[in-house]
Every structure is written in C-alpha cells, then in structure tokens.
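As structure tokens, the structure follows; a few thoughts come after it.
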Amino acid sequence: MANLVPFWLLVSAILAPFVGANWNILRQKMNNNLDHVVADDALKIYCESWRVNVEVNNVRGFEVVPQECINHIKKYMTSSQYIADSERAIEEVQLYLTTCCSLQGDGTDAWIFDVDDTLLSNIPFYKKHDFGGEKLNETAIEEWMKSSKAPALEHTLKLFNLIRDKGIKIFLISSRRENLRSSTVDNLIQVGYHGWSALTLRGLEDEGKEVQKYKIEARQRLVNEGYHIWGIVGDQWSSFEGLPTPNRRFKLPNSMYYVA
Ligand SMILES: *[C@@H]1O[C@H](CO)[C@@H](O)[C@H](O)[C@H]1NC(C)=O
C-alpha cells in the first residue's frame with residue numbers, strides 16, 4: 001500500500017495544472033451565467049412537467065397554457081420530438097392491429113378518430129395565438145376551420161388508410177359544430193382522407209353539452225347499431241372517457257388546449 005502513495009502524488013502533480021485551468025474557465029462561466037442557467041433549467045423542468053401532466057390527464061380543464069410555459073410549449077409543438085412522439089403513438093396502433101382483433105369482417109368492425117390535431121393539424125392557427133397562451137377565440141378558430149387550410153398529420157393519414165384497407169369502418173367524431181361540415185369535409189379530402197363511414201359533428205341539441213358527454217352518446221349510438229369499437233385515436237381525454245369504451249385508446253400529444 002505504501003508504495004502507491006508516491007504514484008498518486010505523481011499523477012496529481014501532472015493533472016493539477018489542467019484541472020486548475022479548466023476549473024478557472026468553468027468558474028468564470030458559472031459566475032456569469034449561473035443564475036441565468038439555473039433559472040432557465042428550473043423553468044424548463046417546471047414546464048415539461050406541466051406538459052407531461054397534461055398528457056397523462058392529471059392537469060385538466062386549463063383555459064390557457066401558463067404564461068411562463070408558452071415558449072416551452074411552442075418549442076415542443078414545433079419540434080421533431082413532437083413528431084417522434086406522434087409517430088410512436090401511431091406505431092403502437094399498428095403493432096396493436098397486427099395482433100389485437102378477431103375482426104368480424106361483417107361490416108361491424110369500427111374505429112374512431114378525432115379530427116382536430118388528430119387527422120388535421122391546427123398548429124398553423126395556434127402559431128398565431130401563442131400556442132394556447134391566448135384564451136381561445138371561437139370566432140377566430142371557426143374562421144380558420146372554414147378556410148379548410150389545416151394540413152394533415154401525415155402519420156395519422158397513413159394509419160387511417162391502413163385501418164380502412166383492413167375493412168374496418170372509420171367514424172370521425174368531432175367537437176366541431178355542424179355549420180363547419182362542408183369546410184371540414186373539403187379540408188379532409190384536400191389533404192388525402194377519404195373513405196370514412198360517417199362524420200359526427202355537434203348539432204344544435206349538443207350545444208352547451210360537455211364534449212365528453214356528446215362523444216359518449218355518439219359511441220353509444222354506434223354500439224346500439226351493432227358496431228364493435230376496436231380503438232379510438234385522439235388528442236383529447238374527453239374523446240376516451242366514459243362508457244362505452246373501445247378495446248384500446250391511443251392518445252396523441254397536444255398541450256396547447258384542453259377540451260372539457
Ligand atoms: C376574435 O376573433 C375575431 C375574428 O378574428 C375578431 O374580430 C375579434 O376581435 C376577436 N375577439 C377578441 C376578444 O379578441
């Protein structure tokens with residue numbers, strides 16, 4: 001043991017100048033930036049945890065993205081991470097479809113999709129409205145929807161085609177209002193969706209009804225008509241919750257708004 005001590009002294013003596021130099025640079029940087037860096041990191045951690053808790057449905061019913069997190073949500077919703085997260089969700093659906101279902105093949109197999117931020121992306125609208133940091137202006141978003149300019153979420157389009165080609169009937173259940181029917185259909189067709197079985201929109205009788213309740217009623221009608229709902233793909237928890245349930249539910253990321 002005693003023999004090792006001089007060896008370590010030698011090593012330390014050789015390394016000391018380098019360690020010292022690096023430490024000085026580091027210390028200078030830290031003095032300049034430390035407060036800034038710590039604050040940035042803390043905010044990033046805070047906002048990412050807000051975002052994740054929206055996704056898992058712990059944070060509910062928010063009307064706007066917290067002011068201090070607007071930038072974080074903007075970065076996420078325009079990032080390759082958002083695309084990768086969405087693609088991963090779709091891949092999980094594809095995986096599920098390879099083994100899941102003893103399809104009836106008699107026209108009663110059904111699948112449900114949301115429209116907004118599931119088939120069509122509203123990111124171009126939210127870009128102009130602080131990525132959810134502004135309280136939603138119903139008139140403005142309906143104007144955007146009427147323009148039929150929403151792009152497709154490309155990975156969802158591929159899945160839509162795959163499901164349709166399996167002979168599963170596709171039902172679109174959206175919280176958009178009836179007055180948007182023709183613009184919605186035009187938009188869907190323009191970006192490549194075709195061959196769905198029905199598009200359910202909110203009629204006058206659904207005004208003022210919670211979206212969750214409205215969607216439950218739409219699913220119940222399908223079940224009453226004899227359909228088996230194998231799955232739902234949506235970006236809102238209000239598309240999934242309550243009975244009747246499908247076999248599986250697949251949540252796409254969206255932390256810009258919450259539909260109650
Ligand atoms: C909502 O949007 C409409 C149409 O873009 C606009 O005329 C109106 O001023 C907006 N309302 C508010 C409160 O910002």
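The values are calculated or read from the model by the stated rules, or taken from the named source; none is laboratory data. Here the structure is a predicted model, which is why all the values come from computation and not from measurement. Here the Cβ positions follow ideal geometry from the backbone for every residue, glycine too, while neighbour counts run over all protein chains shown.
Here are some notes:
- LEU95 vs. criteria free of Cβ contacts under 8 Å to residues at least 40 places away in the same chain, more than 16 Å from the ligand (Cβ to nearest atom) and of a type outside the set (Asp, Glu): yes
- Qualifying residue in segment 119-126 (condition: touching a residue at least 40 places away in the same chain (Cβ under 8 Å), in contact with a Leu (Cβ under 9 Å, 6 or more places away or on another chain), away from the ligand (no atom under 16 Å from the Cβ) and not in a helix (DSSP H, G or I)): yes
- Tally, over segment 133-153, of residues that are assigned to a helix (DSSP H, G or I) and exposed (fewer than 15 other Cβ atoms within 10 Å of the Cβ): 4
- Among the residues listed as GLU91, GLU154, the single one being within 22 Å of TYR257 (Cβ to Cβ) and at pLDDT 95 or above: GLU154
- Lone qualifier among THR98, THR108 - being more than 17 Å from the chain's Cα centre (by Cα), under 29 Å from PHE171 (Cα atoms) and exposed (fewer than 14 other Cβ atoms within 10 Å of the Cβ): THR98
- The residue that is farthest from GLU134 (Cα to Cα), among those in segment 60-77 that are within 15 Å of the chain's Cα centre (by Cα), surrounded by 14 or more Cβ atoms within 10 Å (Cβ to Cβ) and touching a residue at least 24 places away in the same chain (Cβ under 8 Å), is TYR76.
- Only listed residue being within 16 Å of the ligand (Cβ to nearest atom), among the basic types (Lys, Arg) and within 23 Å of ALA218 (Cβ to Cβ), chosen from LYS135, LYS146: LYS146
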